[in-house]
Amino acid sequence: MRAAYREHLDNFSHDLIVMCDTVRDMLTLASQGLLHSDLQKAEETLSLKDELEETRARCESRAVTLLALENPMGKDLRQVVSSIYIVEDLFRMGQLVRHVANTARRRHPECAVPEEHRGFFEEMFRICLQMVAQTRDILIEPDPEVAIAAAKDDDAIDDINEHIIGLLTMREWGHTTRQAVDMALLSRFYERFADHAVSVNSRVVFLVTGLAPEQYLAKKDEDAQHDAFEARFEALERQFRR
């Protein structure tokens, strides 16, 4: 019975990695379709929708089985609950990438982003792809320290998004209103994609430690202060023993 339970958990974890791989492929295809006005890449992105939804449904079924029949406790319960939220974050990431692909398809054969501004989206794509790779690694080997560090990449995406919005609201904007709207929405899609990647990493912190990232960092600081105090006390104790 316990072996079957562990197999259910392992299969659930494997499906999360499958979802992450699908999201990575969708991100790559959609971004290439956008940046190179490649209609085929945009269509390939949309064709992965069924695969993503199928994996999501399988994960939901596994979660119901584990919660209803196996009654997990402690860390196992955290793993199931965290995984349920991770599934939704990954699915939403796929949905956001589909919006990018739809924009590329709608504007084909033109590019939705003016040439002089494509560098911003190339960088957002690069950072998001890096975040997906980090997320995959963390799902395979959960590490709260690595998970928390991923938030720095999200800050970079936020900075680019803010800069793009600033460009769009300048009087000197030299392109059409339609292009401004497309750029604002596309930037938002990538920014939200990164937010969901950070959310996945936050779930991993909870899975491993039972704490939210803020609580984990606060406890880490408290433990460091306690260790420093203990070290000073031991040093004083050794000094007075001489």
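The values are calculated or read from the model by the stated rules, or taken from the named source; none is laboratory data. Remember, predicted model here, so these are calculated numbers, not experimental data. Every residue, glycine among them, receives a Cβ derived from its backbone with ideal geometry; neighbour counts consider all protein chains shown.
Here are a few things to note about the model shown:
- Residues of segment 77-94 that are more than 17 Å from I138 (Cα to Cα) and aromatic (F, W, Y): F91 alone.
- Flag if S47 is free of Cβ contacts under 8 Å to residues at least 24 places away in the same chain and either outside the structural domain of N201 (by TED's automatic domain parsing) or under 28 Å from M183 (Cβ atoms) (or both): yes
- Residue check, I138 surrounded by 13 or more Cβ atoms within 10 Å (Cβ to Cβ), in the same structural domain as D10 (by TED's automatic domain parsing), of a type outside the set (S, T, N, Q) and at pLDDT 95 or above: no
- Residue in segment 198-215 that is more than 23 Å from V23 (Cα to Cα), surrounded by fewer than 18 Cβ atoms within 10 Å (Cβ to Cβ) and among the aliphatic types (A, V, I, L, M) present: yes
- Residue within segment 209-220 that is aromatic (F, W, Y), in a helix (DSSP H, G or I) and in contact (Cβ under 8 Å) with a residue 12 or more places away in the chain present: yes
- Residue that is farthest from M124 (Cα to Cα), among those in segment 54-97 that are buried (at least 19 other Cβ atoms within 10 Å of the Cβ) and of a type in the set (D, E, K, R): R62
- The listed residue being at pLDDT 95 or above and in a helix (DSSP H, G or I), out of E7, E43: E43
- Among residues of segment 84-109 that are more than 21 Å from F12 (Cα to Cα) and free of Cβ contacts under 8 Å to residues at least 12 places away in the same chain, those with a beta-carbon under 9 Å from a residue that is buried (at least 21 other Cβ atoms within 10 Å of the Cβ) and acidic (D, E) at least six positions away or on a different chain give the pairs R106/D182.
- Enumeration of residues in segment 212-229 that are over 11 Å from P144 (Cβ atoms), among the charged types (D, E, K, R) and modelled with pLDDT under 80: D221, D223, D227
- When the test is whether a residue is modelled with pLDDT under 95, out of contact with any helix residue (DSSP H, G or I) (no Cβ under 8 Å at 6 or more places or on another chain) and either in a helix (DSSP H, G or I) or of a type outside the set (G, A, S) (or both), S61 passes it.
- For segment 64-83, the set of residues classified as among the polar types (S, T, N, Q), part of a helix (DSSP H, G or I) and more than 12 Å from D15 (Cβ to Cβ) consists of T65, Q79, S82, listed by residue number.
- Filter result (more than 27 Å from L29 (Cβ to Cβ) and touching a helix residue (DSSP H, G or I) at 6+ places or on another chain (Cβ under 7 Å)) within segment 132-145: P142, P144
- Selection within segment 107-131 - assigned to a helix (DSSP H, G or I) and touching an Asp or Glu at 6+ places or on another chain (Cβ under 9 Å): R107, M124, I127, C128, Q130, M131
- Residue in segment 104-122 that is over 27 Å from A184 (Cα atoms), assigned by TED's automatic domain parsing to the domain that holds L35, of a type in the set (D, E, K, R) and at pLDDT below 95 present: no
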